[in-house]
Amino acid sequence: MDVFGLFLLFFFFSLYSSLLTLSYEPRNHEVEALVSIKRAFNDPHGVLNSWDEDSVDPCSWAMVTCSPENLVIGLGAPSLSLSGTLSATIGNLTNLRQV
């Protein structure tokens, strides 16, 4: 392999490594639990559309109440035609105080 080929190989490897490092964000366990709950529900009116699995903070989501520390402490679903089974992952919302 010539010098130019080695340079290109090194360049693309460096670029790929940099992108992996920059794009990594740890998954929020509360987001994962809420998305699992959402998937178990039938939501005919799309009231849970703001529950985005790519989000890092669920505190702006509809029907989610958070503490001042941005921890999920409450879920509300008043008469919104949601149906289904409540996922066992609700147990991962360790600060949940109200449903």
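Each reported figure results from applying straightforward, stated rules to the coordinates on display, with no laboratory input. For clarity, every value in this text was computed on a predicted model and none was experimentally measured. With ideal geometry, Cβ positions are generated from the backbone for all residues, glycine too; neighbour counts draw on all protein chains shown.
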Output the residues belonging to the range 24-51 that are surrounded by fewer than 15 Cβ atoms within 10 Å (Cβ to Cβ) and either assigned to a loop (DSSP other than H, G, I, E, B) or among the acidic types (Asp, Glu) (or both).
Tyr24, Glu25, Pro26, Arg27, Glu32, Pro44, His45, Gly46, Asn49, Ser50
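Please work out which residue is surrounded by the fewest Cβ atoms within 10 Å (Cβ to Cβ), limiting yourself to the range 78-99 and to residues that are assigned to a loop (DSSP other than H, G, I, E, B), out of contact with any Gly (no Cβ under 9 Å at 6 or more places or on another chain) and in contact (Cβ under 8 Å) with a residue 24 or more places away in the chain.
The selected residue is Thr85.
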